[in-house]
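Nothing in this text is a laboratory measurement; each read-out follows from the coordinates by a stated rule. Model, not experiment: these values are computed from the prediction. Cβ: placed from backbone, ideal geometry, glycine included. Neighbour counts: every protein chain shown.
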Amino acid sequence: MASTGKKIDSINNLTFREIPLEDDPEKIGAIVRKTEFFSESEIEIAIELVKERLLKDIQSGYYFLFAESSEKLIGYTCFGPIPGTQSSYDLYWIVIDNSFQGHGIGKLLNTMTEDIIREMGGSRIYAETSSRPQYEPTRAFYRNAGYNEAAYLEDFYAPSDGKMIFVKRII
């Protein structure tokens, strides 16, 4: 697998990094909470994944790409190889601070994440989201990024809240 320790150059006043910092769990909690999309348990999961990475490094199986502006965390992705597969990866999280949405940062983070996954030997990326109407912009984001709907699991999260699985081939 490719090293994920490099600092990525500045693009349009944004900087990107792959290594989590000790204060990232708090920062991730803040931007995920600010979206008002996620339950408290989901927010705790987002925080826990970065803590797991800080504790176990890449052995955790969780990789990150952080976008910052003036050293303020404004967005991130969390992804990792799917155990038991040859080259499939999950995109666990892609979140942009509400104040920075609509400026192409999510698209840029997604493209850069795809590049990292490709460098790591990945060929497919899977992303899951809710079927609730609130998540239509999320589903549109995946479709616009070239993901295809691969599966729908009715009532997965709760009654009337199914899981939608998107996939993108990247080689």
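Extension gain Ser87-Thr111, at 0.36 nm per residue separation less the Cα-Cα distance, in nm? List each step's numbers first, then the result.
Working: separation 24, 0.36 × 24 = 8.64 nm, distance 1.75 nm.
Gain in length upon complete extension: 6.9 nm.
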Notebook entry, point to check: In the chain, how does Rg compare with the Kirkwood Rh, expressed as the Rg/Rh ratio over alpha carbon atoms?
Noted result: 0.93
Margin query: Please list, in order along region 153-168, the HN-Hα scalar couplings obtained from phi with the Karplus expression 6.51 cos²θ - 1.76 cosθ + 1.60 (θ = phi - 60°), rounded to whole Hz, x for Gly and Pro.
Written below: 10, 4, 6, 5, 7, 5, x, 6, 9, x, 9, 10, 10, 10, 9, 9
Next item on the list: State the extension gain, in nm to one decimal, for the chain segment bounded by Glu44 and Asp155, taking 0.36 nm per residue of separation less the distance between their alpha-carbons.
Entry: 37.7 nm
Note to self: For the chain, what is the number of Lys pairs with C-alpha distance below 23 angstrom, counting only pairs 8 or more positions apart or on separate chains?
What the structure shows: 22
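Which order, highest average first, do 76-82, 118-124 follow once you tally other Cβ atoms within 10 Å for each residue and take the mean per peptide? Before the final figure, lay out the partial values.
Working: 76-82: 21.7, 118-124: 16.3.
Top to bottom by mean Cβ count within 10 Å: 76-82, 118-124.
Would you work out the charge dipole size for the chain about its Cα centre, treating the Cβ of every Lys and Arg as +1 and the Cβ of every Asp and Glu as -1, and quote it to the nearest 20 debye?
Values: 19 positive and 26 negative charges, 114 e Å.
Around 540 debye, computed over the chain.
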